[in-house]
Amino acid sequence: MLKTHSEKNDLPFNGTIIDFETIGNFCDDYCNEDSRRYKNITLTMFGYIDGDNLNMLCAEGVESLKELKIKTIQILPTLKRPLFAFKSCFEKGVLFHSCGVTTEFDGELNAYRREWKGNACAELDISNYNDPFDNDGGKCKLAWLRGDYENAIQHNRSCLLKERDILLKRGCRKPDILNLCSD
């Protein structure tokens, strides 16, 4: 079963921001430019915000991961371009390895590859939007694994709103390069 959340986006912009929550671990045998770094990561939540709405789909348990994958694959081609992400290599790598989908992003919201979202928000004076994990995706992963879907959804919601504000306050840059490789 998928848990959903939708609300109106009150600060419109052109395009769509995508943000995921996941389980699994990075494969440190590969560098940041190689998608195999993300091959052990599984999508647990698919969030996106466009000029009109903020939407999230959250798998409720491991048994719902396949349903989330199918819905994500169906929704992706319908999203308004341009597509943005805070770390597009992560989203692109997860989509490739977890969903079997190749997606190009048009804009990168982090100012440089290893920028932490918390620093960007502090520098730009962006609200925390009641993030229960204060920009820590690892805590969100643990919450999801113990069935705390409400806090996981709240974290993803806050990430999407922060990323929207980053886009509106400083814009975006050309996405980092990720080579799609499979074993």
Worksheet item: Looking at the stretch 12-32, is at least one residue at pLDDT 95 or above and over 16 Å from the mean Cα position of the chain (by Cα)?
Response: yes
Worksheet entry | Scope the stretch 135-174; condition crowded, with 17+ Cβ neighbours inside 10 Å, assigned to a loop (DSSP other than H, G, I, E, B) and at pLDDT 95 or above; matching residues | Cys172
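Condition check: loosely packed, with under 13 Cβ neighbours inside 10 Å, assigned to a loop (DSSP other than H, G, I, E, B) and touching a Lys or Arg at 6+ places or on another chain (Cβ under 9 Å). Does Asp183 satisfy that? Steps first, answer last, please.
Working: loosely packed, with under 13 Cβ neighbours inside 10 Å: yes; assigned to a loop (DSSP other than H, G, I, E, B): yes; touching a Lys or Arg at 6+ places or on another chain (Cβ under 9 Å): yes.
Yes: the conditions hold for Asp183.
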Discussion item. Please go through the stretch 8-33 and give me each residue that is in a strand (DSSP E or B) and under 22 Å from Lys69 (Cα atoms), ordered by number.
Written reply: Thr16, Ile17, Ile18, Asp19, Phe20, Glu21, Thr22, Ile23, Gly24
Discussion item. Condition first: in contact with a helix residue (DSSP H, G or I) (Cβ under 9 Å, 6 or more places away or on another chain) and either assigned to a loop (DSSP other than H, G, I, E, B) or among the aliphatic types (A, V, I, L, M) (or both). Now tell me which residues in the stretch 107-127 satisfy that.
Written reply: Leu109, Asn110, Ala111, Arg113, Ala120, Leu124, Asp125, Ile126, Ser127
Discussion item. I'd like to know if the stretch 67-85 contains one or more residues that are in contact with a Lys or Arg (Cβ under 7 Å, 6 or more places away or on another chain), surrounded by 15 or more Cβ atoms within 10 Å (Cβ to Cβ) and over 20 Å from Asn40 (Cβ atoms).
Written reply: no
Discussion item. On the basis of being under 13 Å from the mean Cα position of the chain (by Cα), at pLDDT 95 or above and aliphatic (A, V, I, L, M), does Ile73 make the cut?
Written reply: no
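The values are calculated or read from the model by the stated rules, or taken from the named source; none is laboratory data. All values reported here derive from a predicted model rather than from experimental measurement. Here the Cβ is made from the backbone with ideal geometry for all residues, glycine too, and neighbour counts use every protein chain on show.
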